[in-house]
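Working notes for the structure below.
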Amino acid sequence: MTAPKIGFISLGCPKALVDSERILTQLRVDGYDIVPTYQDADMVVVNTCGFIDAAKQESLDTIGEALAENGKVIVTGCMGATESDITDVHPNVLDVSGPHAYEQVVGAVKSHLPFSKEYNPHLDLVPPQGIKLTPRHYAYLKISEGCNHRCSFCIIPSMRGDLVSRPANDVVAEAEGLVRSGVKELLVISQDTSAYGVDTRYRTTFHNGKPIKTKMLDLCHALSEIGGEQAPWVRLHYVYPYPHVDDIIPLMADGKILPYLDIPFQHGSPKILKAMKRPGAIDNTLNRIKAWRQVCPDITIRSTFIVGFPGETDDDFKQLLDFIDEAQLDRVGAFTYSPVEGAAANAIANPVPEELKEERLAQFMGLQAEISTAKLAAKVGKTIDVIIDEIDQQGAVARSQADAPEIDGLVYLNEEAHHQPGDIVRVKVHASDEHDLWANSVQ
């Protein structure tokens, strides 16, 4: 019997991508083929995003397209946490499930497209690292699900639940398997990386006879010891600014993990941060940033901000501009506030008009562009390590230790097509702009 063919569409953040990889891996283990087009597929699975209204609409549009092009569609992911959000618009979908519902998705596929065959280890090989949707040389390493915070603009806890940390030994074992398969960069992700292990009271686990606490610092130590001379880059994402984050910075200074911290500050006005239910001691935050740079001068700090939050006055916005001007962050993303259904912030008085939101966003990003341009210009003439992502007609496209995939800048090595994706190359920077660098490899 010919194996059924499954089409798969993954929307949303890296955490959803990891969910998709786990579902795809199990489907391949169970004998299903994965195909890239609607026409070749017997059924399509759509992993949705429900974080903001624009993401919800993209999910609904994608489901509609899959139904029109294929007809048999299973829906999973964050938007599926409220089934009626899907079925009210698309009643003909075969099944709806919420985030990280791997078993239900695979079960739905088997229910609507039954298939079984005897496993042949010589023919039915799935890579030991599973099916990956990222390039072979980097991978996302999800260490927990859910979040204990109740930020007023966010509905993730209602979709993904409270924090549930993976045992540290499981995380390290997965990381080792990824490195053995050729992964050169591990991107540690969760809803709240710095809260890792709180729910387990930092339970001690054992890996290869060694104790590892389910705790952020201990996990970073363990990940830094993988691979020996061929140790992977370890990059931390979604770090909440708890005090113990300070303990991670010396590991960055010692080269054990990348000197890169993705930490969403969200705003610069104490009043707005209080309304967001985020830490609001701005002076303390600025002092910590200075202290981090004293311990690790090469640290790259990335952050995200919301502009036009309900109640944001001209003075609040000025405080935000003052904050980023003083903080001099390396990488910044920003978006205007979007009233997501179910978010507590929607009830806050004095919403900011859309036109004013866009004006403020443009002003904010203009200031950050000046900061970014100056910071990258300061790297011209320096020698740095980069990891090759791809080869195109102009040469090699790479990233430095300061650049995460898809969200940060690139380093272009023109006329250097002899490299391979995953190569870590020493280069000298000779040019820069607002976002990117240009460099040549050195011996």
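The values are calculated or read from the model by the stated rules, or taken from the named source; none is laboratory data. Predicted model, so just to flag it, every value in this text is computed and none were measured. Reconstructed Cβ throughout: ideal geometry from the backbone, glycine too, with neighbour counts over all protein chains shown. To get the accessible areas, we keep the full protein, side chains included, count just its heavy atoms, and leave off ligands, DNA and RNA. Shrake-Rupley method; radii C 1.70, N 1.55, O 1.52, S 1.80 Å.
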With GLU341, GLU359 as the choices, which residue is out of contact with any Pro (no Cβ under 7 Å at 6 or more places or on another chain), open to solvent by 70 Å² or more (accessible area, probe 1.4 Å) and at pLDDT 95 or above? GLU359
Filtering helices (runs of 4 or more DSSP H) wholly in segment 6-122 for at least 2 residues that are small (Gly, Ala, Ser), over 30 Å from ALA175 (Cα atoms) and not assigned by the TED database to the domain that holds GLN191 gives 53-69
When residues of segment 282-312 are limited to those that are polar (S, T, N, Q) and over 19 Å from ALA402 (Cβ atoms), the one surrounded by the most Cβ atoms within 10 Å (Cβ to Cβ): THR285
Expected single match for open to solvent by 30 Å² or more (accessible area, probe 1.4 Å), without any contact (Cβ under 8 Å) to a residue 60 or more places away in the chain and either in contact with a Cys (Cβ under 9 Å, 6 or more places away or on another chain) or under 26 Å from PRO353 (Cβ atoms) (or both) among LYS277, LYS271 is LYS271
Residues (open to solvent by 20 Å² or more (accessible area, probe 1.4 Å) and small (Gly, Ala, Ser)) located in segment 35-63: ALA54
For segment 186-258, please list each of the strands (runs of 3 or more DSSP E) lying entirely inside it that holds at least 1 residues being aromatic (Phe, Trp, Tyr), free of Cβ contacts under 8 Å to residues at least 60 places away in the same chain and open to solvent by 20 Å² or more (accessible area, probe 1.4 Å). 204-207
With the requirement that a residue be open to solvent by less than 50 Å² (accessible area, probe 1.4 Å) and farther than 22 Å from GLY182 by Cα, what does segment 385-410 give you? GLY395, ASP408, GLY409
Tally time: how many residues in segment 144-162 are open to solvent by 20 Å² or more (accessible area, probe 1.4 Å), over 21 Å from LYS274 (Cβ atoms) and part of a helix (DSSP H, G or I)? 2
